[in-house]
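These notes concern the structure reproduced below.
No lab work stands behind these numbers, since they all come straight from the coordinates. Remember, it's a predicted structure, so these values are computed and weren't measured experimentally. A quick note on method: Cβ atoms are made from the backbone with ideal geometry, for glycine too, and the neighbour counts reach across all protein chains shown.
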Amino acid sequence: MGTLMPLPRSQNNKPDKPGFVTVDFNHTQWTVPERYRDLSLIGHGVYGAVWYLVTPFMAADLSAVVRTQDLSDSHIRFLIYQLLRALKYLHSCGLIHRDLKPGNIGVNEDCELKLLDFGLARQRDDEMTGYVATRWYRAPEIMLNWTHYNEQVDIWSVACIMSELRTRKPLFPGRNHIDQLRRIICLLGKPDELYMEKVTGAGRKETEQANASLKVLFLRVQNSILSPMTSQYMSLIKFSLRVCFFSLNQQARSFIDNLEVTNPPDLSVHFSDFPEDGVDLLRHLLQLDPDRRFTASQALAHRYFELYHDEQDEPTGDRFVDALEEAKDVSVQEWKEHIWKTLEDFVPKLNSLRLGCPDSR
């Protein structure tokens, strides 16, 4: 995040004023001081002055880079190091990105990397909701037990991205979630029974409890005791979804049990384009069991990043606290007032951000 600034709205097709350029955003054009032409604008509005977050301009996302050029091993090391460094900070704050893919990672001409699109990001919790992450980068535990996973799903995505930077092809381009599992298992082998029981056994017990609660809630709805949109009514919907997804997860479990898998290839053969230390890192990042998978901190300390690793320069943050998490029944006006106060009190923390002309960067 850079700074907060009001931007006046311009008329469509109006020539740029001296010292200003026109920027298209959400199908609306805005007049922006020319010195900010290389910065991206986040936010939207219709009337009067609108507050925007101004962030450093990123020339492309990694998907565009992968499509257009081969990356050297040095480039890949530096990019993945930065990605893991960002995740170490994010995870230390108790947050999970949940949608890491090349298209959600910005990069500039200096090979500096930034995480984008936090639309699916959530606080780390015992329970999550729904399938997340683009399928090709989705960790197996999401498909096997959709309500119980943690920040390790981001680490799985890092491995998929790392492979794609070298081969310029997705590592697991599944056509659906069953085909996705098939591709993963054909490369890595079947998970052991202990792991399968861990991810599906918890879901079975949870679903039995959900079914019992579901019957009670349905009766209350039928008897007009429970009104729509109350917290209990929303629980009814949530329980219903849980039962549906458990059914899908059981299908995945049955598929894995019945899948005939020959001996999976040695990863050093499959990832022959990587140096030995890169293959070893991928082996730790692609553990089916998230409890055995490297954390961001462990990955940063791997010898693959020996040139860059400096624990003192890999910061952690304070745990994120949502000020309104306990105030779910606030009015729309109260939300607006809270958001506006947050904007007014906002102070940028990135002192290294330079907002001058491109020549001064």
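What FRET efficiency comes out for V321 versus A60 if R0 is 35 angstrom and r is the Cβ-Cβ distance? Round to the nearest 0.05. About 0.55, to the nearest 0.05.
Here is the P(r) of segment 134-180: all C-alpha pair distances, binned every 5 Å from 0, give 5, 22, 30, 24, 14, 4, 1 in whole percents. The distance between label points at A121 and K169 comes to 3.4 nm (points 7 Å beyond Cα on the Cα→Cβ vector). Each residue, N108 and N263, gets one label point 7 Å from its Cα in the Cβ direction; the gap between the two is 5.0 nm.
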